[in-house]
2 protein chains.
Amino acid sequence: MMEYPLTLKNLLMRNRQLFGKKEVVSRNLTGDFRYTYRDFYQRVCKLANVLTSLDIKKGDKVATLAWNTHRHLELYFAVPCCGAVLHTLNLRLSREHLAYIINHAEDKVIVVDEDLVPLLESIRDQISTVKHFIVLDDTGNMPYTGLEPVYSYEQSLAKAPDHYDFPDIDEWSPAAMCYTSATTGNPKGVVYTHRGLFLHAMALTNADSMGLSEKDILMPVVPMFHVNAWGTPFAAVWVGSTLIMPGKKLDPPSLCQLIEQEKVTASPGVPTIWMGIAQLLESGAQYQLSSLRALVSGGAPLPEALIRKLDKFNIPVMHAYGMTETTPLVLVSNPKSYMNSLSVEEKYRLGSRQGLLVPGLEMKVIGENGQEIPWDGKQIGELWLRGPWIAKEYYKEPETSRETFVDGWMRTGDIVNVDEEGYVLIVDRAKDLIKSGGEWISSVDLENTIMGHDAVVETAVIAIPHEKWQERPLACVVLKESEIEKVSKQDILDFLRERVAKWWIPDEIIFVNQIPKTSTGKFSKRIIREMYRNRELQQQ
Amino acid sequence: MMEYPLTLKNLLMRNRQLFGKKEVVSRNLTGDFRYTYRDFYQRVCKLANVLTSLDIKKGDKVATLAWNTHRHLELYFAVPCCGAVLHTLNLRLSREHLAYIINHAEDKVIVVDEDLVPLLESIRDQISTVKHFIVLDDTGNMPYTGLEPVYSYEQSLAKAPDHYDFPDIDEWSPAAMCYTSATTGNPKGVVYTHRGLFLHAMALTNADSMGLSEKDILMPVVPMFHVNAWGTPFAAVWVGSTLIMPGKKLDPPSLCQLIEQEKVTASPGVPTIWMGIAQLLESGAQYQLSSLRALVSGGAPLPEALIRKLDKFNIPVMHAYGMTETTPLVLVSNPKSYMNSLSVEEKYRLGSRQGLLVPGLEMKVIGENGQEIPWDGKQIGELWLRGPWIAKEYYKEPETSRETFVDGWMRTGDIVNVDEEGYVLIVDRAKDLIKSGGEWISSVDLENTIMGHDAVVETAVIAIPHEKWQERPLACVVLKESEIEKVSKQDILDFLRERVAKWWIPDEIIFVNQIPKTSTGKFSKRIIREMYRNRELQQQ
């Protein structure tokens, strides 16, 4: 067989040859913008010429600080197909972390959305490697800025030639990079090769995983700075899906309106987003959302209660699992063909599992004793992975890498059980498991159960040190506004008493206005622990 | 990203972990056999131990001379996952060619179906590299044979341990090989790497190509000695499709009965097979075939008339294209989402095109002047391909390889046009095109038109040398039995007069009882040419 490299160029060129008439719709600062892939390709070529004129060479890092828009999509292809490396900056990181990762990656160019220029200006003094700034000037007016040298994206493209010969690239070359949202210490970088992204995109189009198709109208709600919007823009361009880029407005009414307007068929995002949509619909808001074949939910466990809520409105949710280190697709929950006879209740339960390993990867689950655990749906262990789109190290972090990447495998840090059919359930992060009286309590499981209470919006459960039991659970609970003052802590405890083992009942329920979140929208248990550590110590 | 090799081991291991309950059904000499993938895996391990005990080492060739059965499927995985190379022998080759390819490949073991032992005995004296014979003894009785040393497959497996540690293999290692059915000269070998078969299997599961899924009940009618049954057994095992192996009885009633019995959803095969099924249904035979989502038709162009015939019985056909050198999947014909408004007639016409390039490959079409032709649905040129599952050479044939493999591309020898949407139509084999008075006549196009006549079963059109016009078409036509004596040559010519340009009308129609076929079931135009060359020369 030919030594044909697996690179993003193949994705771009197939789109160019076959899908010139299909559209990309982008909700920009100035309103909805719409163009064809034919125009997209022309602008990718122009952008590649602009990057070349800025002396961007193979391996150079080009960073983006941007929302999900058509311009960001152009960068997704022009940068790696030139041979450079696309570094997507998480705009929700702290300024300190943002400056850290720009310096650590040695970004040479930063391309920034117009409204995010002030954020970049605020750390300008701390970043040392950047030679050029490009502003994605949607309004047609360049903002006044102290960044320099600075260029207008649109003016630069307007002047650039619209032909570019994309080079053949070695498949092991870096194409993109992304930093994990650190819960402790500095963010850690993961480098994605062309080969990894190519194979991962193939896995997304697999009929039994996400099944991305030309027939799809795909709206990536998950940010493009969060594991490349789970790789979906790459796969969508490859197979010619219509792409709907929702921009910065990710509130439930804006998203529902856009799904209705564009007849979106599939949308990847975190459960918090889908919870917002469920609440909006429960409040009586009316949208025509029947085009949806799947909301793809990942980034955090999908509570069974949320699957039920959305099912009431005939909205199917597909549970998926992955992480920055895994490009990210690892598990997708689809029932097997012989599971058609499952009851609705059993299907909900199955849907709350993260699902089956996608083709191309390998997994094993290692128990406390270092041995693989049996797949009985009960015993727990840490999920280990290997495969062609699993990271082999953290970028320039040999020390941390040694803890996570062991014997050719990656330790996910996620504690799981696997049922006899192979459906994986993430029980907890290893560090969030609660060890009480020698037994494990899953904080995720407790959270999902509490979420089943009608009055509850969200909840986070953490371990609190305990003299006698070692650790005991504490639950922070956010009530619906209409339920505040009506529902008591005792009501929640009574609700749990019918549903979980007695020793799982949290020692304390605390009502809060919201759960602190990380820059990627996940519950920050680290912050919660810091908030309540002292309080608990006083009580003991 | 990890340097994780893309090998068939990943396919086997995923099946083992996830699909132990799913079934393989095999129509054996002794009747229908049925077992689970759990049993399949155990026997694959036993077989691997048997091969090891015969001193089969990395790179050794293990040949099969066998029908599509569960035992052949076991060989498909045990041989390459051990590190050896699976060489599938085409049992329809001439004895001379069969002996040639066994010697050329240097097969060390031949595994042979019980009823094919006499074929192998007949060439025993001509094959020099084979050290062991294994008989797939379905009846439980080893046939009396002069082959030696010879072993019973079932007895060997019964004694072998059922655990085997499959090695990690370099992805560039050979996994399988197959010889093309030679139309001239000796057959030429193509070697498939693990990487090529892995990526090709991924392409088969792509939602817009064949979309092979766990939900499928797949019946490979295309022989497993014909480009690995188009790679479908590999993909099916990977994603856990139920596999129905039809054995040696490929007559229309047997196949229809099996589709009905097992509720087959997808079946790959050549158009001749599907034509037989269409005729059976037209004759009034009743079968329940509504489980079929797609007959996948490849190996030869699918006539529009056949699509129409099958559509009358609500049987969808999916047109695909490939060749031994391309593993084989290259093109699949599926309408794009915005083509829903096409009329039924337009959809038939689209379906008769071989379709769109699957993700992962690259194509270009080179015209007579050596330049790429425009995609206008009219201009013709030769299809050139490159990609990770395209061969780079013929096995041990440097001379022939140089003609076909040029500048990193493979010349298919197929003349095509491409419409503006990217749908490729194979107009003809380069050597079958008829050049008349400076213009091209497509023999395939003429054949498809003649096939549209209700009385016609099949037809082959060839070029006959002509003094004035250079070449002129001659058509060999097979009539339905009931129409013989009723339909005249003039009727066929009149039928054509309304449908093709005047100068396309064949100079002669010859009624024949059947069209000579190659060992893979394709029309052998070489034989037809030899038959009629003299006759035409006399007429001129």
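The values are calculated or read from the model by the stated rules, or taken from the named source; none is laboratory data. Not measured: the values here are computed from a predicted model. For neighbour counting, all protein chains shown are included, and Cβ atoms are generated from backbone atoms with ideal geometry for every residue, glycine included. Note: accessible area is taken over every heavy atom of the protein model, side chains too, but ligands, DNA and RNA are not part of it. Shrake-Rupley method; radii C 1.70, N 1.55, O 1.52, S 1.80 Å.
Values computed for the structure shown
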{"read-out": "From the options B:Gly377, B:Gly422, B:Gly351, B:Gly367, residue that is small (Gly, Ala, Ser) and in contact with a His (Cβ under 7 Å, 6 or more places away or on another chain)", "value": "B:Gly351"}
{"read-out": "Segment B:99-124 residues that are assigned by TED's automatic domain parsing to the domain that holds B:Leu51, paired with ones that are modelled with pLDDT under 95 and aromatic (Phe, Trp, Tyr) (beta carbon under 8 Å, 6 or more apart)", "value": "none"}
{"read-out": "Every residue from segment B:177-208 that is within 18 Å of the chain's Cα centre (by Cα), more than 9 Å from chain A (Cβ to nearest Cβ) and either open to solvent by 10 Å² or more (accessible area, probe 1.4 Å) or modelled with pLDDT under 95 (or both)", "value": "B:Tyr179, B:Thr180, B:Ser181, B:Ala182, B:Thr183, B:Pro187, B:Lys188"}
{"read-out": "Residue within segment B:282-289 that is outside any loop (DSSP other than H, G, I, E, B), free of Cβ contacts under 8 Å to residues at least 40 places away in the same chain, open to solvent by 20 Å² or more (accessible area, probe 1.4 Å) and not assigned by TED's automatic domain parsing to the domain that holds B:Glu481 present", "value": "yes"}
{"read-out": "Filter result for B:Arg16 (within 14 Å of another protein chain (Cβ to nearest Cβ) and either open to solvent by 10 Å² or more (accessible area, probe 1.4 Å) or outside any loop (DSSP other than H, G, I, E, B) (or both))", "value": "yes"}
{"read-out": "Residues satisfying the stated conditions in segment B:227-244, i.e. surrounded by fewer than 24 Cβ atoms within 10 Å (Cβ to Cβ) and either in a loop (DSSP other than H, G, I, E, B) or at pLDDT below 95 (or both)", "value": "none"}
{"read-out": "Check on B:Ser297, under 27 Å from B:His194 (Cβ atoms), crowded, with 24+ Cβ neighbours inside 10 Å and modelled with pLDDT of 95 or more", "value": "no"}
{"read-out": "Counted residues, segment A:245-272 - those being modelled with pLDDT of 95 or more and not in a loop (DSSP other than H, G, I, E, B)", "value": "17"}
{"read-out": "Flag for B:Met339 being buried (at least 18 other Cβ atoms within 10 Å of the Cβ) and not small (Gly, Ala, Ser)", "value": "no"}
{"read-out": "Selection from segment B:411-455 of residues that are of a type in the set (Asp, Glu), outside the structural domain of B:Cys476 (by TED's automatic domain parsing) and open to solvent by 40 Å² or more (accessible area, probe 1.4 Å)", "value": "B:Glu420"}
{"read-out": "Among (1) open to solvent by less than 20 Å² (accessible area, probe 1.4 Å); (2) part of a helix (DSSP H, G or I); (3) modelled with pLDDT of 85 or more - the single one B:Glu536 does not satisfy", "value": "(3)"}
{"read-out": "First in segment B:161-174 and closer than 14 Å to B:Phe77 by Cα, second anywhere and open to solvent by less than 40 Å² (accessible area, probe 1.4 Å) and small (Gly, Ala, Ser), Cβ under 8 Å, 6 or more apart", "value": "B:Tyr164/B:Ala48; B:Phe166/B:Ala48; B:Pro167/B:Gly83; B:Ile169/B:Gly83; B:Pro174/B:Gly59"}
{"read-out": "Residue match in segment B:473-489 (condition: in contact with a helix residue (DSSP H, G or I) (Cβ under 9 Å, 6 or more places away or on another chain) and within 20 Å of B:Ile380 (Cβ to Cβ))", "value": "yes"}
{"read-out": "Number of the condition not met by B:Leu255 [criteria: (1) away from chain A (no Cβ under 14 Å); (2) crowded, with 23+ Cβ neighbours inside 10 Å; (3) over 28 Å from B:Gly276 (Cβ atoms)]", "value": "(3)"}
{"read-out": "Residue ranges of helices (runs of 4 or more DSSP H) in segment B:50-147 with at least 1 members touching a Gly at 6+ places or on another chain (Cβ under 7 Å) and surrounded by fewer than 24 Cβ atoms within 10 Å (Cβ to Cβ)", "value": "B:95-105, B:117-121"}
{"read-out": "Residues that are at the interface with chain A (Cβ under 9 Å from one of its Cβ atoms) and in contact (Cβ under 8 Å) with a residue 40 or more places away in the chain, drawn from segment B:211-234", "value": "B:Leu212, B:Glu214, B:Lys215, B:Asp216, B:Ile217"}
{"read-out": "Identity of the residue in segment A:148-176, of a type in the set (A, V, I, L, M, F, W, C) and in a loop (DSSP other than H, G, I, E, B), that ends up most open to solvent (accessible area, probe 1.4 Å)", "value": "A:Trp172"}
{"read-out": "Given (1) on the phi < 0 side of the Ramachandran plot; (2) free of Cβ contacts under 8 Å to residues at least 24 places away in the same chain, index of the condition B:Glu420 fails", "value": "(2)"}
{"read-out": "Residue match in segment A:58-70 (condition: over 20 Å from the mean Cα position of the chain (by Cα) and free of Cβ contacts under 8 Å to residues at least 40 places away in the same chain)", "value": "no"}
{"read-out": "Selection count, segment A:417-470, where residues are within 14 Å of chain B (Cβ to nearest Cβ) and out of contact with any helix residue (DSSP H, G or I) (no Cβ under 7 Å at 6 or more places or on another chain)", "value": "5"}
{"read-out": "Filter pass, B:Arg38 being within 28 Å of A:Leu356 (Cβ to Cβ), away from every other protein chain (no Cβ under 14 Å), surrounded by fewer than 24 Cβ atoms within 10 Å (Cβ to Cβ) and among the charged types (D, E, K, R)", "value": "no"}
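Rundown of residues vs (1) touching a Pro at 6+ places or on another chain (Cβ under 8 Å); (2) at pLDDT 95 or above; (3) under 15 Å from A:Lys131 (Cβ atoms), yes/no style:
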position: A:Val50; (1), (2), (3): no, yes, yes
position: A:Leu54; (1), (2), (3): no, yes, yes
position: A:Lys61; (1), (2), (3): no, yes, yes
position: A:His70; (1), (2), (3): no, yes, no
position: A:His87; (1), (2), (3): no, yes, yes
position: A:Arg95; (1), (2), (3): no, no, no
position: A:Ile101; (1), (2), (3): yes, yes, no
position: A:Val109; (1), (2), (3): no, yes, yes
position: A:Leu116; (1), (2), (3): no, yes, no
